[in-house]
Amino acid sequence: MNKTIKLAVAGTVLALASTANAGIIIPAGEWTLDINGNVNMFATMTKADDTVAPAGGIAAVQDTNGEDTSFTTGTGLLPAWLGFTGTTRQNDLDVSFTISFQPNTSDNDTTYGMGDAGTPLNRQAFITFGDASWGSVKVGKDLGIFAGDAILNDMTLLGVGGGVPGGATTLGGIGTGYLYPGWRGQIAYTTPNMNGLQATIAITNPNQGNNGDNEPTGAVAAGQFNQDRFGLEGKVVYNMPMGKVWVSGSSYDVTGKGGISYDATAMDIGTNLNFGNLGFTAYYYSGEGNGVGTSLNRLGRLANENDQDGGYVQATYVIPTGTKLGVAVASNRQDLVTGNTTGMDSNDRWTVGAYHPLTKHLNLVAEYNAIESDDHAGKSAESDSLSIGAILFF
């Protein structure tokens, strides 16, 4: 199983709910093929207290008929996943490829009431080559480096977190604790492990263009921005017996009409520690020029004046039944952009979860999530959700 999938799948099971498990291993001549992934489904009841959504808010609001309660099913933060990884040793190099795709288990298609509108995701297609003596090179599409550890250590990766099931995935802690790293084309070099210390540096797809986030009235139309160099992302991590500490960062350069030019940058620091049955994660990030407060690099005309920060604190404990109980408190905050009269102020979340290993591969999950969203115009919304479901890893 490739390194990222180990972290996102088997490593997450070990850290959050169960024991690690390998995929389906098939020897094939000079290659070893690993078929791996997961299937999950959650039923969620959401209650919304308010009728008007704040700008940039994540909390759910009542529908146009004033209904304050909704019932949905679908995948959680981690999509259903099917990955194929092949590994071999040739000419003193460890060589591998990974291709994966992520179907949905349900969606909220109402056109024909058939639940078939969701488009499958295609998040990974990359090769790696290297050697333990000098490191490794990755070429292709994979999880972004900045904020990648934030999402992989989030306990809601096994559950729902923020957002409502029914689309491709829910939000987990995205926008309430960290920025979404995205899945990026990249050429990355990772150093060998030097007594626990390891670093990664990469040039990344700058995702040219603009989605119109943070645009004041009369602003330059969406799609009129470009990034005139490759993106840069990097990470340094120190692994130790009780866990790890990491720092990571990103830098993108944006130009547009009217002489607009600015850097979109972000930095973070985090730690994940385990002491017997007790686990602890703390994370903080700060960024500038990244647009709205859910994803890295969602750019707008005035994003250069948009400062953001946030983070989360999470504690888990494994009780004698093997069930892992967890609690997390998280927040994203964003300054008002000059030229706008409103915009996201904060999205806050607290989560209580239970993750029970029914078998080595199958986990039952129950989560309660409370979210409050505020904008700079004084609008506020609160919602609560209860989710139950199951996730199977192979």
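Observations on the model:
- Per-residue Cβ neighbour rank within 10 angstrom, fewest leading, Thr156, Thr32, Thr51: Thr51, Thr32, Thr156
- Between Leu386 and Val236, the simple label model (points 7 Å from Cα in the Cβ direction) yields a spacing of 4.8 nm.
- Between Asn205 and Tyr284, the C-beta separation translates, for a Förster distance of 25 Å, into a calculated FRET efficiency of about 0.45.
- Counting 0.36 nm for each residue step from Asn277 to Asp335 and taking away their Cα separation leaves a gain of 17.0 nm.
- Residue separation of Ala43 and Ile187 scaled by 0.36 nm, minus their Cα-Cα distance, works out to 48.0 nm of gained length.
- In plain terms, the chain from Asn91 to Asp68 could stretch by 2.0 nm, reckoned as 0.36 nm per residue minus the Cα-Cα distance.
Quick note: the coordinates plus some simple rules give every number you see, no bench work behind them. Everything numeric here is computed off the predicted structure, so don't read it as measured data. With ideal geometry, Cβ positions are generated from the backbone for all residues, glycine too; neighbour counts draw on all protein chains shown.
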